[in-house]
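Notes follow once the structure below has been shown.
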Amino acid sequence: MYNKNLRKERAAAGLCTNCGGTLDTDGRMCSACREKCRTKKTEAVQWYRLNGICPLCKKEKIFGDENMCPECRARKASYQALKQEKMTEGQKMQECAMKRNYYKARYHRLKEAGLCVRCGKRKSLENLTACNICRIKYNSYQDARYWATKDSIPRYERASYGFCYICGRPLDCEGKACKACSDKAAAVLSKNRASTNVYWKADNKLIFNKS
């Protein structure tokens, strides 16, 4: 049974407010009680999500991959906006610093454990910090965000629409690039070949051995 006065007495005595034992963390609960509460909360949230119920209000339905119902999302947004209005500049900076430190510590903890630093559930790919699913989601998000700011056709689709894949102007010759871009690319290529052939011939003694 929840007893507010008892919890206050335990907090004043430097004890765990949940079990009354020795406090071995910086918060109000010991590590054992904190882990027990976290596990219990995680299991409850997973049960509600699997049954298609919002884990916050526990009443409305959720759709697709959403974490909460539209009503709870609207209430959360209103609460956050009201909270930001009441906070001073110093409090905002302090909150940002706390969030930054938390996510930084989380990143290093998941990276050392070999888990994806984004979802924290699946193993990360070799020599990477994210799993394959989160990597695909992030790349898709970045592509959509990039092309949302562009009033043009993606570069890999320009040739199929009759535009130069380099500059985006209409094609005036055969191929995927216009004549101006083709000539420019050919000039750069010939210049690079002329400059590198000298060193290549000098170093390739097996073929160009004059002795």
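The values are calculated or read from the model by the stated rules, or taken from the named source; none is laboratory data. Please read these numbers as outputs of a predicted model, since none were measured by experiment. Methodologically, a virtual Cβ is constructed for each residue, glycine included, from the backbone with ideal geometry; neighbour enumeration extends over all protein chains shown. Just so you know, the surface numbers come from the protein's heavy atoms only, side chains and all, with ligands and any DNA or RNA stripped out. Shrake-Rupley method; radii C 1.70, N 1.55, O 1.52, S 1.80 Å.
Taking the Cα centre of the chain as origin, sum charge times position over the Cβ atoms of Lys and Arg (+1) and Asp and Glu (-1), and report the length of that vector in debye to the nearest 20.
So the dipole magnitude of the chain works out to roughly 460 debye.
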* To do: Please give, to one decimal in nm, the separation of the simple spin-label points placed at SER31 and ARG7, each 7 Å out from Cα toward the Cβ.
  => 2.3 nm
* To do: Subtracting the Cα-Cα distance from 0.36 nm times the residue separation, let me have the gained length for ARG38 to ASP24 in nm, one decimal.
  => 3.4 nm
* To do: Loop only per DSSP, at most 16 neighbouring Cβ atoms within 10 Å: give me the GluC sites (Glu not before Pro) in the range 15-91, ordered by residue number.
  => GLU60, GLU66
* Which of ILE166, THR42, GLY120, positive extreme of dipole for the chain (C-beta unit charges) -> THR42
* **Choice from THR129, THR25, THR88 showing the highest fluctuation, given a GNM over the chain with Cα pairs closer than 10 Å** => THR25
* Stokes-Einstein diffusion coefficient of the range 1-126, Kirkwood radius over Cα pairs, 20 °C, 1.002 mPa s, in µm²/s -> 118 µm²/s
* Asked: Taking the chain as a Gaussian network, where each spring joins two C-alpha atoms under 10 Å apart, which residue of ARG118, ARG49, ARG100 fluctuates the most?
  -> ARG49
* Which of the lysines could a cross-linker bridge to LYS191, judged by Cα under 29 Å and excluding same-chain residues fewer than eight apart? -> LYS176, LYS179, LYS201, LYS205, LYS210
* Please sort by residue number the chymotrypsin sites (Phe, Trp or Tyr not before Pro) in the range 1-106 whose DSSP state is loop and whose Cβ has at most 14 other Cβ atoms within 10 Å. => TYR2, PHE63
* Anything over 25 Å Cα to Cα? Flag those among LYS61/LYS104; LYS41/LYS121; LYS4/LYS41; LYS58/LYS92, in the order listed. => LYS61/LYS104; LYS58/LYS92
* **Built amide H within the under 5 Å cut-off of ILE53, gap 5+** => ILE62
* **Theoretical gain in end-to-end length, ASP183 to ASN139 [0.36 nm per residue, Cα-Cα removed]** => 12.5 nm
* Given the options LEU189, LEU171, LEU115, which has the most mean-square fluctuation in a GNM of the chain, springs set between C-alpha atoms less than 10 angstrom apart? -> LEU189
* To do: For CYS167 and GLU89, calculate 0.36 nm times their separation in residues minus their Cα-Cα distance, and state this gained length in nm to one decimal.
  => 23.5 nm
* Asked: Hey, what's the Kirkwood Rh for the range 1-66 if you take every pair of different alpha carbons, in angstrom?
  -> 13.8 Å
* Cβ-based charge dipole, the chain, positive-most Cα from ILE136, GLY90, GLY21 -> GLY21
* **Förster-model FRET efficiency, 35 Å R0, ALA97 and LYS58, C-beta, rounded to 0.05** => 0.55
* **the chain - percent of accessible surface contributed by carbon and sulfur, probe 1.4 Å** => 54 percent
* Asked: What do you get when you divide the Cα radius of gyration of the chain by 2.2 N^0.38 Å, with N the number of residues?
  -> 1.79
* Structure fact -> Rounded to whole Å², per residue accessible area for the chain with a 1.4 Å probe reads 84 Å²
